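Each reported figure results from applying straightforward, stated rules to the coordinates on display, with no laboratory input. Quick caveat, the model's predicted, so the values are computed rather than measured. In this analysis, Cβ positions are derived from the backbone assuming ideal geometry, glycine residues included, and neighbour counts consider all displayed protein chains.
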Amino acid sequence: MRTLVIALTLSLVAAAPAAAETRIINVGDDYFVRSGKPPTVKVPKGTTVQWKWVGTRDHNVAVVTGPKKFQSALKRKGTFTRTPKPGLYSIVCSIHQPDMAMKLRVRKPT
Ligand SMILES: [Cu+2]
């Protein structure tokens, strides 16, 4: 019985995919990542991207151009999580664009 448990545990560990990374992007008043120049965030394919509201006003996350469009609700707190496919995304907050903008580059595997 003990051998069986160990064997099962080992097979589960072996089957687990490589730990996917999570990248947190702040959603502030009124910026992504940091105030000032709109940033480009680069992540490898498979990265989970989590936008995290850190300000006090309403914002959203809206893809303007990119391989796939997605958009969060307009909200004041909480998070929004996606695992975007590779490509270059142009992202804005719908009510604070063009100042509140960012680019997200999801790199293909090399
Ligand atoms: Cu905003």
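Calculate the length of the line joining the C-alpha centroid of the stretch 47-80 to that of the stretch 95-110, in whole Å.
11
Excluding Ile25 itself, calculate the net charge of residues whose Cβ lies under 11 Å from the Cβ of Ile25, where each Lys or Arg counts +1 and each Asp or Glu counts -1.
Here the charged neighbours net out to +4.
From the phi of every residue in the stretch 61-66, what ³J(HN,Hα) in whole Hz does the Karplus formula 6.51 cos²θ - 1.76 cosθ + 1.60 yield, where θ is phi - 60° and glycine or proline is x?
Using θ = phi - 60°, the values come out as 10, 9, 6, 8, 9, x Hz.
From the phi of every residue in the stretch 23-40, what ³J(HN,Hα) in whole Hz does the Karplus formula 6.51 cos²θ - 1.76 cosθ + 1.60 yield, where θ is phi - 60° and glycine or proline is x?
Calculated HN-Hα couplings, in order: 10, 9, 10, 6, 10, x, 9, 10, 7, 10, 6, 7, 6, x, 4, x, x, 10 Hz.
Could you pull out the chymotrypsin sites (Phe, Trp or Tyr not before Pro) across the stretch 56-110 that fall in loop regions by DSSP (anything but H, G, I, E, B) with no more than 15 other Cβ atoms inside 10 Å?
In loop regions of the stretch 56-110 (DSSP not H, G, I, E or B), the sparsely surrounded chymotrypsin sites (Phe, Trp or Tyr not before Pro) are Phe70.
Using θ = phi - 60° and the Karplus relation 6.51 cos²θ - 1.76 cosθ + 1.60, list the HN-Hα couplings for the stretch 43-59 in order, rounded to whole Hz, with x at every Gly or Pro.
These are the phi-based 3J(HN,Hα) values: 9, x, 3, x, 5, 8, 9, 10, 7, 10, 6, 10, x, 10, 10, 6, 8 Hz.
Summing Lys, Arg as +1 and Asp, Glu as -1, what charge do residues with Cβ under 13 Å from the Cβ of Thr65 carry, Thr65 excluded?
+4
Which value, in Å to one decimal place, does the Kirkwood hydrodynamic radius take for the stretch 28-86 when every pair of different Cα atoms is included?
12.5
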